[in-house]
Amino acid sequence: MTPGAPPGAGEGPAATPPAEVGWLLRDGDVLAAAEVASTPALRAKGLLGRSAYQGAMVLPKVRAVHTFGMRFAIDVAFCDRDLVVVDTATMRPWRIGLPRRRARSVIEAQAGAFDRWGVRVGDHLELR
């Protein structure tokens, strides 16, 4: 492992690069730290293998998610091309979510986070 590199980075050809990290905002207000799963491998993994999660996981180019293998329930925001929330759901572990036709990305967070952050259908979110 390279000194200063995140765990798992550069540990052979199958190593998954770390997700991009930034902020999830609404109307200029920071809602949470955000990880952007910008590769197919990162999108496939999502929040799997974690026992809890304090931020937001952004899955671009995704219209539906599942919670097979998840250890906790999640809030899911389905967003259009401009990151406007078109639908939300809370999913318990071992469920399959139906795709949302207008969705072009998904934001996942631990269940209850959207209530705390006030995320609602129609919100225009932003990543920085």
(1) of a type in the set (Gly, Ala, Ser); (2) surrounded by 14 or more Cβ atoms within 10 Å (Cβ to Cβ); (3) out of contact with any Leu (no Cβ under 7 Å at 6 or more places or on another chain); (4) within 21 Å of residue 23 (Cα to Cα): which one isn't true of residue 56, the others all being true?
(3)
When the range 99-123 is checked residue by residue, the ones that are part of a loop (DSSP other than H, G, I, E, B) and acidic (Asp, Glu) are 123
Tell me which of these residue 26 doesn't satisfy, since it passes every other one: (1) over 14 Å from residue 109 (Cβ atoms); (2) modelled with pLDDT of 95 or more.
(1)
Result of the Cβ filter at 9 Å on the range 117-128, keeping first residues that are under 13 Å from residue 56 (Cβ atoms) and partners that are of a type in the set (Gly, Ala, Ser) and part of a loop (DSSP other than H, G, I, E, B), at least 6 apart or interchain, is 126/28
Considering only the range 98-113, I want to know if a residue exists there that is exposed (fewer than 15 other Cβ atoms within 10 Å of the Cβ), over 11 Å from the mean Cα position of the chain (by Cα) and touching a residue at least 40 places away in the same chain (Cβ under 8 Å).
no
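The values are calculated or read from the model by the stated rules, or taken from the named source; none is laboratory data. All of these numbers come straight from a predicted model, not from anything done at the bench. Note: ideal-geometry Cβ built from the backbone for every residue, glycine included; neighbour counts use all protein chains shown.
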